[in-house]
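Have a look at the structure below, then the notes.
The values are calculated or read from the model by the stated rules, or taken from the named source; none is laboratory data. This is a predicted model, so every value here is computed, not measured. Using ideal geometry, Cβ is built from the backbone for each residue, glycine included, and neighbour counts are taken over all protein chains shown. All accessible areas refer to the heavy atoms of the entire protein, side chains included, with ligands and DNA or RNA removed. Shrake-Rupley method; radii C 1.70, N 1.55, O 1.52, S 1.80 Å.
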Amino acid sequence: MTGMSAYEKTRGTGIFMAVLLLSVSLTPVQAEPKGPDFTGVWGRDVHNYPKPYMSGGRNATIKDGYNNEYLKPWVVEQLLRDNMVERSGHPTITAHSTCYPEGIPYVFGGAVVQILQTPSEITMLFGDSNNSRTIYLNRPHSSPVVPSWYGESVGHFEGDSLVVDTIGIAVNPQSGSMGFYGTPHTEALHVVERYRYLADGEKSLAPPPKDDSFDASSVIAGGKILRLSFTLDDPGAFKKPWTVSLDFLPIKQRIREYACAENVPDGALAPLLPTAAIPDF
């Protein structure tokens with residue numbers, strides 16, 4: 001058997017390359033998921049957030065008491081007990097007042113958040129508590145999800161919105177009832193968040209800055225406003241899901257350093273602060 005000629009070798013190589021290029025062109029391109037970039041520092045100069053089960057202003061009450069359309073009776077009872085404690089002049093034990101992680105959705109009552117976004121994950125740094133959370137993009141939840149302070153958050157983009165699904169939010173009685181910024185819940189709590197920029201001409205819900213958690217002068221004039229709408233579903237605590245919408249202004253001010261143990265407003269809470277028998281460093 002004779003060897004191939006130079007022509008046959010060249011022709012064979014050409015055919016191989018043509019087939020290779022054709023196969024590459026027929027392979028679907030896995031495009032990197034795209035969506036708006038929410039990187040930046042965002043401020044909402046108010047603490048707490050409105051809840052649909054409450055009525056009134058400064059002295060808000062639970063609508064219809066134990067017949068509230070959203071809350072199961074045991075949740076109403078816990079919130080009423082917290083309210084009585086506050087009215088008596090004593091501090092309520094909450095995650096914020098006792099320096100525990102504030103979790104979801106409690107942490108949304110804070111005023112400033114910094115968002116760091118990459119193609120695979122989003123990190124949120126919360127200025128009012130110096131806590132952080134990670135949202136993993138385009139992957140399923142773990143199986144099983146181990147309950148934790150912030151739960152497990154996975155997200156994806158739907159058009160101009162980031163949709164975040166969080167489950168596995170632990171119930172931690174040592175940090176109080178979540179009756180101030182949050183709401184009592186069970187480990188069945190399921191939170192869905194949607195983040196998007198307001199469209200031109202769309203009315204903002206953001207309260208005017210008052211030089212409290214950030215300087216009014218640090219608001220970026222003409223900058224995009226970020227809207228967060230989150231829905232809470234928990235068959236063990238709520239009669240039906242409920243939703244809150246919050247708007248955040250773009251600011252050019254870094255989040256402020258906050259050392260919780262140095263800012264305890266009431267000495268009676270000091271013995272409740274988390275401590276360690278040995279250093280963790």
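Among the residues of the range 180-187, is there at least one that is farther than 27 Å from K34 by Cβ, without any contact (Cβ under 8 Å) to a residue 40 or more places away in the chain and touching a His at 6+ places or on another chain (Cβ under 8 Å)? Even if it seems obvious, please write down each step before you answer.
Step one: list which residues in the range 180-187 are farther than 27 Å from K34 by Cβ, which gives 180-187.
Filter again for without any contact (Cβ under 8 Å) to a residue 40 or more places away in the chain, leaving none.
The answer is no, given that none of the residues of the range 180-187 is farther than 27 Å from K34 by Cβ, without any contact (Cβ under 8 Å) to a residue 40 or more places away in the chain and touching a His at 6+ places or on another chain (Cβ under 8 Å).
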| request: Would you please name the residue that is nearest to H96 (Cα to Cα), looking only at residues in the range 120-151 that are open to solvent by 30 Å² or more (accessible area, probe 1.4 Å), without any contact (Cβ under 8 Å) to a residue 24 or more places away in the chain and within 11 Å of the chain's Cα centre (by Cα)? | output: S132
| Residues in the range 38-67 that are free of Cβ contacts under 8 Å to residues at least 24 places away in the same chain and of a type outside the set (G, A, S): how many? | 9
| the range 199-244 - residue that is outside any loop (DSSP other than H, G, I, E, B) and farther than 16 Å from T183 by Cβ and, of those, most open to solvent (accessible area, probe 1.4 Å) | S217
| task | Please indicate, with yes or no, whether at least one residue in the range 172-183 is β-branched (V, I, T) and surrounded by 15 or more Cβ atoms within 10 Å (Cβ to Cβ). | result | yes
| Could you say whether any residue in the range 80-92 is within 27 Å of the chain's Cα centre (by Cα), at pLDDT below 90, among the β-branched types (V, I, T) and open to solvent by less than 70 Å² (accessible area, probe 1.4 Å)? | yes
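Scan I225, I251, I255 and give me the residue that is free of Cβ contacts under 8 Å to residues at least 40 places away in the same chain and either touching a Cys at 6+ places or on another chain (Cβ under 8 Å) or more than 30 Å from V75 (Cα to Cα) (or both).
On the way: I251 fails: free of Cβ contacts under 8 Å to residues at least 40 places away in the same chain; I255 fails: free of Cβ contacts under 8 Å to residues at least 40 places away in the same chain.
Result: I225 is the single residue among I225, I251, I255 that is free of Cβ contacts under 8 Å to residues at least 40 places away in the same chain and either touching a Cys at 6+ places or on another chain (Cβ under 8 Å) or more than 30 Å from V75 (Cα to Cα) (or both).
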| Which of the residues belonging to the range 43-68 are closer than 18 Å to G236 by Cα, open to solvent by less than 20 Å² (accessible area, probe 1.4 Å) and out of contact with any helix residue (DSSP H, G or I) (no Cβ under 8 Å at 6 or more places or on another chain)? | Y53
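Inspect all residues belonging to the range 69-79 and state whether any of them is of a type in the set (D, E), at pLDDT 90 or above, in a loop (DSSP other than H, G, I, E, B) and surrounded by fewer than 20 Cβ atoms within 10 Å (Cβ to Cβ). First the steps, then the outcome.
Kept after step one, since they are of a type in the set (D, E), are these residues of the range 69-79: 69, 77.
Applying the additional criterion that residues be at pLDDT 90 or above yields 69, 77.
Filter once more, keeping what is in a loop (DSSP other than H, G, I, E, B): 69.
Going one step further and asking which of them are surrounded by fewer than 20 Cβ atoms within 10 Å (Cβ to Cβ), we end up with 69.
Scanning the range 69-79, I find at least one residue that is of a type in the set (D, E), at pLDDT 90 or above, in a loop (DSSP other than H, G, I, E, B) and surrounded by fewer than 20 Cβ atoms within 10 Å (Cβ to Cβ), so the answer is yes.
Tell me, please, whether a residue that is of a type in the set (G, A, S), surrounded by 10 or more Cβ atoms within 10 Å (Cβ to Cβ) and modelled with pLDDT under 90 can be found in the range 246-265. I'd like the intermediate steps shown before the answer.
Applying the first criterion (of a type in the set (G, A, S)) to the range 246-265 yields 259, 261.
Next, only the ones that are surrounded by 10 or more Cβ atoms within 10 Å (Cβ to Cβ) stay: 261.
With modelled with pLDDT under 90 added as a condition, the list becomes 261.
Among the residues of the range 246-265, at least one is of a type in the set (G, A, S), surrounded by 10 or more Cβ atoms within 10 Å (Cβ to Cβ) and modelled with pLDDT under 90, which makes the answer yes.
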